[in-house]
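Nothing in this text is a laboratory measurement; each read-out follows from the coordinates by a stated rule. These figures come from a predicted structure and were not determined experimentally. Here the Cβ is made from the backbone with ideal geometry for all residues, glycine too, and neighbour counts use every protein chain on show.
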Amino acid sequence: MSSRPKLTSLDAFAKTVEDARIRTASGGIITLVCVLIVLLLIRNEYVDYTSVITRPELVVDRDINKRLDINLDISFPEIPCEILSLDLLDESGDVQLNILKSGFEKFRITKNPDGTPGQELPATDSIALNNDKSLSEMAKPVPGSDYCGSCYGALPQDNNENCCNDCETVKLAYAEKLWGFYDGSNIEQCEREGYVTRLNERIAANEGCRVRGSTQISRVSGTLDFAPGASFTLRGKHVHDLSLYDKFEDKFNFDHTINHLSFGNDPISRDLVQSTHPLDSYHVVDGLKQQVYDYYLKVVATRFEYLKGGQPLDTNQFSVITHDRPLMGGKDKDHEHTFHAQGGVPGVSFHFDISPLKIINREQYAKTWSGFVLGVISSIAGVLMVGTVLDRSVWAAEKALKGKKDL
């Protein structure tokens, strides 16, 4: 019995006598408004509690030593497949010449009578330079054969130590000598294989070329380079045979459409396409022959981890800066104070820079259970407190007005 007065003195929730309470219409209105606001706030808290958000985290990429896939689908409507070459160069010093035979498919883009792109046909009969064999291997005489094709002075043949038995070997020998190969006319091997006739027919028909496929790169900075003519590396320089490309002043240019470009696995969700495929459906139609187009890509490895236990998705996002310039250099047409450098090779180049960091995007609920409960309690308490202050203010105002009327 002695402890009861002590507990009552600590009561923070003092009760009022029922007879002392006065109910007013304004208080009822304020109560209804407070109830509606509380219900609305509780609903918003529940929506936040059940909503899923993605929180990014930046970490060091531990897979930096693994090779990375490049998925590419690009169309060149104004240059035949026979003239087009694709090279891969990186900062480590590795050079892969004409990788169109490694994981890529080429399709001839025919033209309709009105000049618009027509049917796409597999370029199965097109000659491609630089297969898996080197020039020395390709030019070895065939054992037991009396035939030794001429290399037309590109390789020594005094004792038949080198034989150019097919058009591709001659073309490669010319490239190593930095000689202009043109269309292979008057070269017996190319004439016999029908390469000259086939090439000139496709040039006359203004055919284009579509390249689609994948290749692997080291996770270092490098360049994927589309250019005309046979490519070769000599004394540290990367050169191309532009003889056929420059032969026709009114034909060939590097107008192009990037149908698809991505790194690594393609994302399943369409919401990710903007950051993982920013160049998809990108068109360039300038009609300029002596023009180089550069794309500077910043590639970042990205991992998506899903809340409901789905399979994590590993892909790569990239940003891009586009730039083009004429080979002759000079003042920029759009910016009078900008001057372009002179020289280079016409074509399309993708310069990629691989980031050593990795982004991990984790899905999670916006609020925890404790955060939801705390938000509900805070909403109720805040609304009731504001309602109490407002009710007292209205009650005091009503009393003041009633007192003036009684006077």
Do the alpha carbons of any pairs in Lys140/Lys171; Lys247/Lys331; Lys111/Lys298 sit beyond 25 Å of each other, and which pairs?
-> Lys247/Lys331; Lys111/Lys298
Farthest toward positive dipole pole in the range 59-363 [+1 Lys/Arg, -1 Asp/Glu at C-beta], among His277, Thr315, Asn186 = Thr315
Glu336 versus Leu242: modelled label distance in nm, points set 7 Å from Cα along the beta carbon direction | 3.0
So which GluC sites (Glu not before Pro) in the range 168-208 pass both tests, a DSSP loop state and at most 10 other Cβ atoms within 10 Å of the Cβ?
-> none
Rounded to 10°, Cα long-axis angle of helix 167-177 versus longest principal axis of the chain = 80
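So if I place +1 on the C-beta of Lys and Arg and -1 on the C-beta of Asp and Glu, and nothing else carries charge, what would the dipole magnitude of the chain be about its Cα centre? I want it in debye, nearest 20.
Working: 44 positive and 56 negative charges, 680 e Å.
For the chain, the charge dipole is close to 3260 debye.
Explain nothing, just the number: dipole magnitude of the range 149-228 about its Cα centre with +1 on each Lys and Arg Cβ and -1 on each Asp and Glu Cβ, in debye rounded to the nearest 20.
Dipole about the Cα centre, nearest 20: 500 debye.
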Stretched fully, the stretch from Leu401 through Ser145 gains (0.36 nm per residue minus C-alpha distance, one decimal, in nm) 79.9 nm
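Take peptides 62-71, 340-349 and line them up by average Cβ neighbours within 10 Å, highest first, as a rough protection proxy. Working shown, then result.
Values: 62-71: 14.2, 340-349: 17.0.
Peptide ranking by packing, descending: 340-349, 62-71.
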Label Ile53 and Lys66 with points 7 Å out from Cα along Cα→Cβ: what is the distance between them in nm?
-> 3.0
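Quote the FRET efficiency, to the nearest 0.05, computed for Val285 versus Leu121 with a Förster distance R0 of 30 Å and r equal to the Cβ-Cβ distance. Please report the intermediate quantities before stating the final value.
On the way: r = 23 Å, r/R0 = 0.75.
Approximately 0.85, to the nearest 0.05.
For a footprinting-style exposure proxy, rank Arg325, Arg210, Arg23 by other Cβ within 10 Å, fewest first. Can you show the working numbers first?
Values: Arg325 18, Arg210 22, Arg23 7.
Arranged by neighbour count, lowest to highest, Arg325, Arg210, Arg23 become Arg23, Arg325, Arg210.
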Angle in degrees between helix 369-406 and the longest Cα principal axis of the chain, rounded to the nearest 10 = 40
Applying the Karplus parametrisation 6.51 cos²θ - 1.76 cosθ + 1.60 with θ = phi - 60° to the phi angles of the range 281-298, what ³J(HN,Hα) value in whole Hz is obtained for each residue in order, glycine and proline being reported as x?
-> 6, 7, 10, 10, 10, 10, x, 9, 6, 9, 9, 10, 10, 10, 10, 9, 10, 10
Which Cα, out of Pro326, Gly222, Val299, lies furthest along the positive dipole direction of the range 59-363 (beta carbon charges, K/R +1, D/E -1)?
-> Val299
How large is ³J(HN,Hα), in whole Hz, for each residue of the range 99-111 in order, when computed from phi with the Karplus curve 6.51 cos²θ - 1.76 cosθ + 1.60 and θ = phi - 60°, using x for Gly and Pro?
-> 7, 5, 9, 10, x, 10, 10, 10, 10, 6, 9, 7, 10
Tilt of helix 195-204 relative to the longest C-alpha principal axis of the chain, in degrees (0 to 90, nearest 10)?
-> 50
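For Arg43 and Asp158, calculate 0.36 nm times their separation in residues minus their Cα-Cα distance, and state this gained length in nm to one decimal. It would help to have the intermediate numbers written out before the result.
Values: separation 115, 0.36 × 115 = 41.40 nm, distance 9.17 nm.
Result: 32.2 nm gained on full extension.
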When N is the residue count of the range 42-201, what does its C-alpha Rg come to as a fraction of 2.2 N^0.38 Å?
-> 1.64
So for the range 24-113, what percent of the C-alpha to C-alpha distances run longer than 23 Å?
-> 65
Average projected area [Cα convex hull, the range 276-394], square nanometres = 16.7
Per the chain, cysteines lacking a partner by the 4.7 Å Cβ criterion | Cys34
Against the rule of thumb 2.2 N^0.38 Å, how large the Cα Rg of the chain comes out | 1.72
Between Ser221, Ser393, Ser150, which gets the highest mean-square fluctuation from a Gaussian network model of the chain, Cα cutoff 10 Å?
-> Ser393
Listed by chain and number, the lysines with an alpha carbon less than 29 angstrom from that of Lys399, same-chain partners under 8 positions apart left out, are Lys15
Projected label distance in nm at Glu249 and Lys308, using a 7 Å step from Cα toward the beta-carbon = 6.5
Difference of contour (0.36 nm per residue) and Cα-Cα distance, Val386 to Glu201 = 58.0 nm
Connecting every pair of Cα atoms under 10 Å apart in the chain and solving the GNM, the largest mean-square fluctuation among Ala173, Ala396, Ala230 falls on Ala396
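Per-residue ellipticity at 222 nm for the chain, helices alone: DSSP H runs ≥ 4 residues times -39500 (n - 2.57), over residue total, nearest 500 deg cm²/dmol?
When only DSSP H runs of four or more count, the value is -8500 deg cm²/dmol.
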Residue by residue through the range 32-37, which ³J(HN,Hα) values in whole Hz follow from phi under the Karplus form 6.51 cos²θ - 1.76 cosθ + 1.60 (θ = phi - 60°), with glycine and proline marked x?
-> 4, 4, 5, 4, 4, 5
